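The values are calculated or read from the model by the stated rules, or taken from the named source; none is laboratory data. Not measured: the values here are computed from a predicted model. Here the Cβ positions follow ideal geometry from the backbone for every residue, glycine too, while neighbour counts run over all protein chains shown. Note: areas computed on protein heavy atoms with side chains; ligands, DNA, RNA excluded. Shrake-Rupley method; radii C 1.70, N 1.55, O 1.52, S 1.80 Å.
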Amino acid sequence: MNLADLNKVALAMVTPGKGILAADESSGTIKKRFDAIRVESTEQSRRDYREMLFRSTEAMSQYISGVILYDETIWQDAADGTPLIKLIEQSGAIPGIKVDEGTQALPGCPGELVTVGLDRLAERLKKYYERGARFAKWRAVIDIGQGTGIPSMTAIHVNAHALARYAALCQAAQIVPIVEPEVLMDGDHDIDRCYEVTERVLNETFQELRLQRVALEGMILKPNMAIAGKKSAKQASAQEVAEKTIRLLKACVPAAVPGIAFLSGGQSDADATAHLSAMNRIGNLPWNLTFSYGRALQAAPQKAWSGKAENVAAGQRAFTHRARMNSLASKGEWKADLEQKAA
Ligand code: 13P
């Protein structure tokens, strides 16, 4: 492992003013997104859609530091035969790859999940590196249940263990791991319950990372924010989300980690941007804070595109706008009135 090079890539992924496009939806997830805009999900429609994003020159060269790809996409060619991964490299962004293989029911813990995909991961990483991937992503999913038992310490532990196993294998393959322990915002819990569960999850994750000798300088953390569940009657203000998320991260994330790139997790586009900007306005942080958004970057372009070739320019405008708003947020410079102006 060359830690100096891993650290260089990690820092480039969280350069202020830039963030990560999470375009790594599995075939099942992208089908759900396409169903919502009434587009049939085929190998070609998925290619056309992602090609539209990767050819958004302004967004890709100025606001996007890296793109997380799904396995299908990393091997796909654009309509003119150029590999999609080359489009990303040509724009100056870094290609990355989702390497987990989704979740399975966790035996003994009804309702809880464990992320799988460690078998043969070392060989897969080698192939992805040869293809050009310089970072990877593995997502663990922790649900907050209504009762007291979920999440169980078992679910938190096995998921943290798998995240650390994955991260160690990535670094051995000279690939920067994005470590993503996602605490879902699906429930009706308040922000303090999210804080408390996320604190346990992050502490366990870093404990495992240390045990398995992962070099913190050569990784990126992709956490959820401290935020109320979607169904909670008690929604927190942007300022409260920002302050509690920063307090939580300072308590749990060592300063050796070069950067933190948030998931959007089902927040609205504007909320995801406002929260990131409010956190960066607090300032004086030991790590760079940016975005690694899927839905909050892609919902608008998906709608504008709607599967029609004549809408490609509109889709690219919508993507560029969201990428620019989040770029400003990564520097704490986003303002609500910038949304209307460019829309
Ligand atoms: P969302 O921003 O839509 O949560 O997706 C980010 C991601 O990569 C989830 O794994």
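Points to keep in mind about this one:
- Qualifying position, being more than 30 Å from Pro110 (Cβ to Cβ) and within 19 Å of the chain's Cα centre (by Cα), among Ala173, Ala164, Ala136, Ala140: Ala136
- Filter result for Ala93 (more than 15 Å from the ligand (Cβ to nearest atom), within 23 Å of Ala314 (Cα to Cα) and in contact with an Asp or Glu (Cβ under 6 Å, 6 or more places away or on another chain)): no
- Figure legend. Inter-residue proximity from the stretch 215-239: first residues open to solvent by less than 40 Å² (accessible area, probe 1.4 Å) and part of a helix (DSSP H, G or I), second residues of a type in the set (S, T, N, Q) and more than 16 Å from the ligand (Cβ to nearest atom), beta-carbon distance below 6 Å, spacing 6+ or different chains. Indicated pairs: Gly218/Asn7; Gly218/Gln171.
- Enumeration of residues in the stretch 310-343 that are closer than 20 Å to Tyr49 by Cα and free of Cβ contacts under 8 Å to residues at least 12 places away in the same chain: Glu310, Asn311, Ala313, Ala314
- Only one entry of Leu249, Leu276 meets the criterion of being surrounded by 17 or more Cβ atoms within 10 Å (Cβ to Cβ), within 16 Å of the ligand (Cβ to nearest atom) and either over 19 Å from Thr115 (Cβ atoms) or aromatic (Phe, Trp, Tyr) (or both), and that entry is Leu276.
- Residue in the stretch 138-147 that is touching a strand residue (DSSP E or B) at 6+ places or on another chain (Cβ under 7 Å), at pLDDT 95 or above and assigned to a helix (DSSP H, G or I) present: no
- Residue that is nearest to the chain's Cα centre (by Cα), among those in the stretch 252-264 that are open to solvent by 10 Å² or more (accessible area, probe 1.4 Å) and not hydrophobic (A, V, I, L, M, F, W, C): Pro258
- Residues located in the stretch 296-343, provided they are open to solvent by less than 20 Å² (accessible area, probe 1.4 Å) and within 17 Å of Arg46 (Cβ to Cβ): Leu297, Gln298, Pro301, Gln302, Trp305, Gly315, Phe319
- Criterion (touching a Gly at 6+ places or on another chain (Cβ under 6 Å) and open to solvent by less than 60 Å² (accessible area, probe 1.4 Å)) met by exactly one of Ile156, Ile144: Ile144
- Matching residues in the stretch 138-181 - criterion: being under 11 Å from Thr115 (Cβ atoms) and within 16 Å of the ligand (Cβ to nearest atom): Trp138, Arg139, Ala140, Val141, Ile142, Asn159, Ala162, Leu163, Tyr166, Glu180, Pro181
- If the condition is being part of a strand (DSSP E or B) and either under 13 Å from Pro223 (Cα atoms) or among the hydrophobic types (A, V, I, L, M, F, W, C) (or both), then the stretch 257-291 contributes Gly259, Ile260, Ala261, Phe262, Leu289, Thr290, Phe291.
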